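What follows is a single structure, written as structure tokens, with notes after it.
The values are calculated or read from the model by the stated rules, or taken from the named source; none is laboratory data. Being a predicted model, the structure only gives us computed values, none of them experimental. Note: ideal-geometry Cβ built from the backbone for every residue, glycine included; neighbour counts use all protein chains shown.
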Amino acid sequence: MNCFFKDIDCRDILNAVSDPLHIIDTEGILVFANTAWEEMIGISLAEAKGLHINEAIEKSNSGFYFSFEKDEDTQTTQYTHFDHKNFDSVALTALKRQKPISMFAYLREHQRVLLTSSPLFHSGQIRYALTICRNLTDFSTLCEELENAIEKNKLIMDELEFYRNSMVSSQNIIGKSPAVQGLLQSVQYVAATDATVLITGESGVGKEVLTNEIHRLSKRTGEPFIRVNCASIPESLIESELFGYEKGAFTGAVKNKPGMFELANGGTLLLDEIGELPKALQPKLLRVLQEREIMRVGGTKTIPVDVRLIAATNQDLAAMVRRGEFRQDLYYRLNLIPLRIPPLRERAEDIPLLVQHFLDEFNAKYGKKKRVTDTAMQTLKLYQWPGNIRELENLLERLVIIGDETRITSSQISKILTVPEQAVSAGAEVSGLGLKELMENYERELLQEALSRYGTTYKAARALRTSQPTVARKAKQYGLEW
């Protein structure tokens, strides 16, 4: 075969092409095929050369199911469907119509290929037809893997955004109470292992924060951290969400989809509200913990997974086991390392640290310079906090947003929270202050609030029903600014 390169045979160039290709003459006789074509068809060039192209196709049992032809002039595409497998070469059609033609074909081992045949002209006359085969099976698989990777990346980015916009972004558990310090010490030991952890605590205590800290300190940091709330997923969907599904497993399953365990592979998976996991699904989760493999819905083979599992709940799982609502064997598996986060009312000494943390965050966010008065802090420490840290966070954000005063007072807090009537008297005992000090604090707070609201000592005095000289003298005595 002649070539325009003097020192290279054109056959060497065509054999170097990874896509299978062959060339026929105007009589349909095969004159050349590259090495990739021989491998795809399963016939050697020595055996096929000189045969009519249709004979070669029948030997390989390759067949076409439909073709499409694009008109370069009108930019329209014509599709032709065959009732039966067709062994007529696309190259013959290209020679007949004197234009490029494309067809889909299914070869051995269910390979899907796209064949495009183009006539080769010389001096205005057709001399040959070149046909190139592109393997669509690998391309389809690659597209599916790419889609899965995109889904996984999106999920991870959503998780990262979630944690950036929440307390988790601080990457620290705030507190100096003995309960919190003991918890932090346990986290240091637990994080270094891959042991399953069960985190318990009331709603709003910061179970997600603790999970993030375990992941951050573990050898899996930098790997996926996936959070699943078992209570927020319908019972009919939770199995496919956790374990994924195969194409055709149910109506609407138009492609394979990995589950949360696959997406978290190599990293950490948090199953929040684990007590809401349907009992019918609990044996499958137990099997994952035991065998370290999952099976997609509609699948026939197991998929190994390397996932650090952390479960969290605000329910009493032991009581649920006694009532028959939760499997005992799964509970024992999950409860390997139990970590309980105490409610905020059990660690009131941590409230000032949390208050300062949230004030710094919200003052920066809303361009304010607010701070909590001493009396207001005592009010916060006496409150029972049924919503725990989440309730405290929401309260402080609200107080920072509303009003132009620079101080957050006890009266402002009492208007929002239901503070016990005995809070004032109990505050004296907690703070260790006497009546004189408490009265001075209260007077300072009232003056500061009035001056900040009304702007002048005259208007503040009128609102407090006292004289302007008294307000001015007291403001100087307490060093107030407004």
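Things worth noting here:
Every residue, every condition in (1) free of Cβ contacts under 8 Å to residues at least 24 places away in the same chain; (2) not aromatic (Phe, Trp, Tyr), yes or no:
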position: Pro278; (1), (2): no, yes
position: Gln290; (1), (2): no, yes
position: Asn314; (1), (2): no, yes
position: Val321; (1), (2): yes, yes
position: Arg327; (1), (2): no, yes
position: Tyr331; (1), (2): yes, no
position: Asn335; (1), (2): no, yes
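- Any hit, segment 203-219, residues being under 29 Å from Gly387 (Cα atoms), touching a residue at least 60 places away in the same chain (Cβ under 8 Å), outside any helix (DSSP H, G or I) and among the basic types (Lys, Arg): no
So that you can scan it fast, the table gives a plain yes or no per residue for (1) of a type in the set (S, T, N, Q); (2) within 26 Å of Leu380 (Cα to Cα); (3) over 26 Å from the mean Cα position of the chain (by Cα):
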residue	(1), (2), (3)
Ala312	no, no, no
Val321	no, no, yes
Ile337	no, no, no
Arg347	no, yes, yes
Pro352	no, yes, yes
His357	no, yes, yes
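- Test for Gln468: is it touching a Lys or Arg at 6+ places or on another chain (Cβ under 9 Å) and modelled with pLDDT under 80: no
- Residue in segment 238-272 that is farthest from Leu339 (Cα to Cα), counting only those that are hydrophobic (A, V, I, L, M, F, W, C) and at pLDDT below 90: Val254
- Any hit, segment 182-197, residues being under 21 Å from the mean Cα position of the chain (by Cα), of a type outside the set (Phe, Trp, Tyr) and modelled with pLDDT under 90: no
- Applying the criterion of being in a strand (DSSP E or B) and surrounded by fewer than 16 Cβ atoms within 10 Å (Cβ to Cβ) to the residues of segment 121-133, the residue that is modelled with the lowest pLDDT is His122.
- Restricting segment 440-477 to residues that are touching a residue at least 12 places away in the same chain (Cβ under 8 Å) and among the polar types (S, T, N, Q), the residue that is surrounded by the fewest Cβ atoms within 10 Å (Cβ to Cβ): Ser452
- So Leu95, is it in contact with a Pro (Cβ under 7 Å, 6 or more places away or on another chain), at pLDDT 75 or above and buried (at least 16 other Cβ atoms within 10 Å of the Cβ): yes
- Inside segment 292-308, residues that are surrounded by fewer than 17 Cβ atoms within 10 Å (Cβ to Cβ) and more than 15 Å from Leu242 (Cβ to Cβ) make up a count of 4.
- Members of segment 11-61 found to be outside any helix (DSSP H, G or I) and more than 23 Å from Arg127 (Cβ to Cβ), listed by number: Ser18, Gly42, Ile43, Ser44, Asn61
- Residue that is nearest to the chain's Cα centre (by Cα), among those in segment 359-381 that are part of a loop (DSSP other than H, G, I, E, B) and surrounded by fewer than 17 Cβ atoms within 10 Å (Cβ to Cβ): Gly367
- Search result, residues across segment 219-238 that are crowded, with 19+ Cβ neighbours inside 10 Å and of a type outside the set (A, V, I, L, M, F, W, C): Arg220, Pro224, Arg227
- Selected residue (criterion: surrounded by the most Cβ atoms within 10 Å (Cβ to Cβ)) from residues of segment 249-283 that are more than 14 Å from the chain's Cα centre (by Cα) and hydrophobic (A, V, I, L, M, F, W, C): Ile274
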